[in-house]
Amino acid sequence: MKRVIVGLSGGVDSSVAAYLLKKQGYEVIGLFMKNWHDDTVTISDECPWLDDSNDALLVAEKLGIPFQTVDLSEEYKERIVDYMFDEYEKGRTPNPDVLCNREIKFDVFMKIALSLGADFVATGHYCRRDTVVIDDKEVHRLLAGKDTNKDQSYFLCQLSQEQLAKTLFPVGELLKPEVREIAKAQDLITADKKDSQGLCFIGKVRLPEFLQQKLKAKEGNIIEIAASEAQYDKAVPVFTSKREELEFISEKFSYHSNDGKIVGKHQGAHYFTKGQRKGLAVGGTPEPLFVIETDVEANIIYTGQGKDHPGLYRKALFVSNEELHWVRQDLALQVDEELSVMARIRYRQKLEKARLYQVDSGMYIVFENNQSAITEGQFVAWYLKDELVGSGVIS
């Protein structure tokens, strides 16, 4: 009997994952990760990890599997929380869920599981993994979940072949309603539990409040840029090389305080992100204002009216070599190679046609259609059919 350690989160997906593995004949152990116990930043008196850990324990009892809790809060603070503060301070917008999977669930947690004699680690993610043989070598593929509405492959875009080799995703072949049906049929306490919202493992937090612990509030101007701003209609030069063209189309707009008019005040540019609409507290404009750029050095937020404001849209982005990751290393591009893919720049975005161009310093990704709010620090992930083959941090 192969031993599998399931990351029991206290939610319905990991509960059903544990049940399915037991049914398939694995020796299953449930492990709950406690990654946060600073209740000063969670909303109201909810203590999500306590409730979740109790639910996970009750599920383990119901399934008749051993259960224990591991405290990873130190590693979580170091690898996720500190990284988040650092990125926000630089004016980038990190994705803690992607990092949490790479650094905590499939690294720290996986090492603990393997030290307990596990052959595999399993989670309740909606994605699939299979293994093919290419040139006499086993290659693990990360595939989208069958439930296209719940597919979570994007959150696992930074996993490596070594991590995938030891991972199982039991609910990846199911639709969410089927998962709930199984939980009901097995009388699991999590059957009707709502999906968790908020930061991976921290629970429900108000991000500005969370960030204010480290990043001090600092008043600055909100400046509105008109849709008629000259740089949006810049003439396209004649390019002498493909590289020149790629640099031109991926270049972001840059603004100065005298490019627009002051329409309000904010409490810190680092609390805001591109594409954000809520929290600006500026009224009286015909259309709502959206953040089109933040300048943390000058502490200015640049905004534009309406979700179609040209300042929100770009066709291309760049990922530096240091932040480029291929799940399928055998498909990695060499300098001057290119590849047609489907890509997304955020979870829940539908996949868009794009082309990858590898240069000596990194990779350009050019979309067929203009993309709204391409945000530095977020992850772009690219697919061939339903297989996620690589990802990178938007530079």
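The values are calculated or read from the model by the stated rules, or taken from the named source; none is laboratory data. Since the structure is predicted, the reported quantities are computational estimates derived from the model, not experimental observations. When we count neighbours, we look across all protein chains shown, and the Cβ atoms used for this are built from the backbone with ideal geometry, even at glycine.
The single residue among Ile112, Ile134 that is of a type in the set (A, V, I, L, M), surrounded by fewer than 22 Cβ atoms within 10 Å (Cβ to Cβ), in contact (Cβ under 8 Å) with a residue 12 or more places away in the chain and out of contact with any strand residue (DSSP E or B) (no Cβ under 9 Å at 6 or more places or on another chain) turns out to be Ile134. Note on segment 215-250: residues that are surrounded by 13 or more Cβ atoms within 10 Å (Cβ to Cβ), under 22 Å from Glu338 (Cα atoms) and either touching a helix residue (DSSP H, G or I) at 6+ places or on another chain (Cβ under 8 Å) or not hydrophobic (A, V, I, L, M, F, W, C) (or both) amount to 6.
Return the pairs, sorted by first residue and then second, in which the second residue is of a type in the set (Val, Ile, Thr) and part of a helix (DSSP H, G or I), the first residue lies in segment 16-34 and is farther than 13 Å from Ala113 by Cβ and in contact (Cβ under 8 Å) with a residue 40 or more places away in the chain, the beta carbons are less than 8 Å apart, and the residues are 6+ apart or on different chains. Pairs found: Val16/Val179; Val16/Ile182; Ala18/Val59; Tyr19/Ile182; Leu20/Ile182. Restricting the first member to segment 85-108 and to residues that are under 18 Å from Thr375 (Cβ atoms), and the second to residues that are of a type in the set (S, T, N, Q) and surrounded by fewer than 18 Cβ atoms within 10 Å (Cβ to Cβ), no beta-carbon pair is closer than 8 Å while six or more apart or on different chains.
Criterion first (out of contact with any His (no Cβ under 7 Å at 6 or more places or on another chain), closer than 30 Å to Asn258 by Cα, among the acidic types (Asp, Glu) and surrounded by 15 or more Cβ atoms within 10 Å (Cβ to Cβ)) does Glu387 satisfy it? Spelling it out, it is not the case that Glu387 is out of contact with any His (no Cβ under 7 Å at 6 or more places or on another chain), closer than 30 Å to Asn258 by Cα, among the acidic types (Asp, Glu) and surrounded by 15 or more Cβ atoms within 10 Å (Cβ to Cβ).
Each row is one residue, and each column tells you yes or no for (1) farther than 29 Å from Ile300 by Cβ; (2) β-branched (Val, Ile, Thr); (3) touching a Cys at 6+ places or on another chain (Cβ under 9 Å).
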{"residue": "Arg79", "(1), (2), (3)": "yes, no, yes"}
{"residue": "Thr123", "(1), (2), (3)": "yes, yes, no"}
{"residue": "Cys127", "(1), (2), (3)": "yes, no, no"}
{"residue": "Val133", "(1), (2), (3)": "yes, yes, no"}
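Selection within segment 295-316: residues that are more than 24 Å from the chain's Cα centre (by Cα) and farther than 22 Å from Leu215 by Cβ. The member of this set that is surrounded by the most Cβ atoms within 10 Å (Cβ to Cβ) is Gly304. Residues in segment 349-361: is at least one at pLDDT below 95 and either surrounded by fewer than 19 Cβ atoms within 10 Å (Cβ to Cβ) or not hydrophobic (A, V, I, L, M, F, W, C) (or both)? Yes; the residues of segment 349-361 include at least one that is at pLDDT below 95 and either surrounded by fewer than 19 Cβ atoms within 10 Å (Cβ to Cβ) or not hydrophobic (A, V, I, L, M, F, W, C) (or both). You will find that of Leu168, Leu188, the residue that is within 28 Å of the chain's Cα centre (by Cα), more than 30 Å from Gly284 (Cα to Cα), at pLDDT 95 or above and aliphatic (A, V, I, L, M) is Leu168 and no other. In summary, Leu289 fulfils each of the numbered conditions (1) in contact with a helix residue (DSSP H, G or I) (Cβ under 8 Å, 6 or more places away or on another chain); (2) closer than 29 Å to Glu352 by Cβ with the single exception of condition (1).
Note on segment 277-294: among residues that are under 21 Å from Ile345 (Cα atoms) and either modelled with pLDDT of 95 or more or touching a Phe, Trp or Tyr at 6+ places or on another chain (Cβ under 6 Å) (or both), the one that is surrounded by the fewest Cβ atoms within 10 Å (Cβ to Cβ) is Arg277.
Residues in segment 9-31 that are modelled with pLDDT under 95 and either surrounded by 22 or more Cβ atoms within 10 Å (Cβ to Cβ) or over 18 Å from Gly172 (Cβ atoms) (or both): Ser9, Gly10. Enumerate the strands (runs of 3 or more DSSP E) found wholly within segment 109-175, keeping only those where 3 or more residues are under 16 Å from Leu331 (Cα atoms). Here the list reads 127-134, 137-144. Filtering segment 237-289 to residues that are aromatic (Phe, Trp, Tyr), within 21 Å of Glu87 (Cβ to Cβ) and outside any loop (DSSP other than H, G, I, E, B) leaves only Tyr271. Would you mind stating whether Thr303 is at pLDDT 95 or above, hydroxyl-bearing (Ser, Thr, Tyr), under 24 Å from Tyr364 (Cβ atoms) and in a strand (DSSP E or B)? Taking the combined requirement at face value, the residue does not satisfy it. Condition first: in contact with a helix residue (DSSP H, G or I) (Cβ under 8 Å, 6 or more places away or on another chain) and assigned to a strand (DSSP E or B). Now tell me which residues in segment 1-28 satisfy that. Scanning segment 1-28 gives Val4, Ile5, Val6, Gly7, Val28. Scoring Lys350 on the criteria (1) under 17 Å from Thr273 (Cα atoms); (2) of a type outside the set (S, T, N, Q); (3) within 20 Å of the chain's Cα centre (by Cα) leaves a single failure, condition (1).
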